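Read-outs throughout are calculated quantities, based only on the coordinates presented, and are distinct from any laboratory measurement. The structure presented is a predicted model; accordingly, all values stated were derived computationally and were not measured. All Cβ positions, glycine included, derive from the backbone under ideal geometry; neighbour counts span all protein chains shown.
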Amino acid sequence: MPAASTPRFAAVDCLRGLAMLWMTGFHFCFDLQHFGYLQANFYGDPFWTLQRAAIVTLFVFCAGLGQAIAVQQGQGWGRFGKRWAQIAGCALLVSAGSWFMFPQSYIYFGILHGMALMLLLARAMAGAGRLLWPLALLALALPWLAAWCHSLWPALDFLNARAFNWLGLISRKPITEDYAPLFPWLGVMLLGLAGGQWLLRQRAVALQAASAAAMAHAPLRGLAFLGRWSLSYYMLHQPVLIGVFSLLALLR
């Protein structure tokens, strides 16, 4: 479709930008802990684990919203494929960088790896209509159902192996710095996709009004700008933070 007929929705960009800012604060605190400036348990303390879950939820939900908008605006598989390749390539870079820093717990299926797979599935399922709602709920429930099945059938322990734990049907969390398995996170993306389709059908005027209001305020324009460049920002913010902390460690 012509560029003039495919406007961005600043309200969605702002929501994604909020997730990026929250993530930056979280990673800043994580780096403080890693370099010895802060004592915190990022792997077991609910204060940190719940924040991490909320950030990922917001990020994945926005990705679902974005897919609803892209499909409604007629985005073809070619343009989708180009963006998907960028995400998949960045996921490989994250794995390589994390292996350098954390060889015993490197990221082999983190948020970008999960996003690459979930975006393919969400795009393929975009035409399911109202079925997206129950499919989303099923995806959210599967990890809890799997945990119950593990307690009944110990033979299912093979799902905890690295070859299968990317599904999320596990009884124990793997040792890795970031873990975003297919289930339950596909459910969050499908909720974003279904919710976005509903908004575009039933509340398109309200969404456009919210986007126009966001662009009328400088702080929200900044959030929207950040949301539009979320992948670039995601890839750059941690190397910058780690570089600063490494320099401080050398000067200390």
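Of note:
- Counting only Cβ charges, +1 for Lys and Arg and -1 for Asp and Glu, the dipole size of the chain around its Cα centre is about 660 debye.
- Per residue convex hull volume, Cα atoms of segment 1-67, in Å³: 95 Å³
- Seen through its C-alpha gyration tensor, with square-root eigenvalues sorted a ≥ b ≥ c, segment 148-252 comes out oblate because a/c lies at 1.5 or above while a/b is not bigger than b/c.
- Taking 0.36 nm per residue of separation and subtracting the Cα-Cα distance, full extension of the segment from N160 to Q73 would add 27.3 nm.
- Kirkwood hydrodynamic radius over Cα pairs of segment 175-214, then Stokes diffusion coefficient at 10 °C and 1.306 mPa s, in µm²/s: 130 µm²/s
- Dipole of the chain, positive end: most advanced residue of V56, W22, G76 [Cβ charges, Cα centre]: G76
- Three-way shape call for segment 38-97 based on the alpha-carbon gyration tensor, with the a/c threshold at 1.5: oblate
- Spin-label pair R130/Q202, simplified geometry with 7 Å Cα→Cβ offset, distance in nm: 1.1 nm
- When Rg and the Kirkwood Rh are both derived from Cα coordinates, the Rg/Rh ratio for segment 3-251 amounts to 0.98.
- Shape call, segment 25-154: gyration tensor on alpha carbons, a/c limit 1.5: oblate
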